[in-house]
Amino acid sequence: MARKKKRQKFSATKAVKSRAREVIGSPPPVHRIPSLKDSRKLNKHKATLGEILSEGE
């Protein structure tokens, strides 16, 4: 015999948020600002002489 679905506990915040999404619409996606830690990962090593010379050409 199949099990009965467990009823979800009522959450006021979920109800309010879903109602706001219906009326206003969903919020725009967030543009993430790169942190200092992320920017350090990009420039971890200095450019080699070969890379510098190839950029100039």
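The values are calculated or read from the model by the stated rules, or taken from the named source; none is laboratory data. The structure presented is a predicted model; accordingly, all values stated were derived computationally and were not measured. Note: ideal-geometry Cβ built from the backbone for every residue, glycine included; neighbour counts use all protein chains shown.
Before moving on, here are some points about what is shown:
- Condition check for Arg19: basic (Lys, Arg) and at pLDDT 90 or above: yes
- Which listed residue is of a type in the set (D, E, K, R), modelled with pLDDT under 80, in a loop (DSSP other than H, G, I, E, B) and loosely packed, with under 10 Cβ neighbours inside 10 Å, from Lys37, Lys44, Lys5: Lys44
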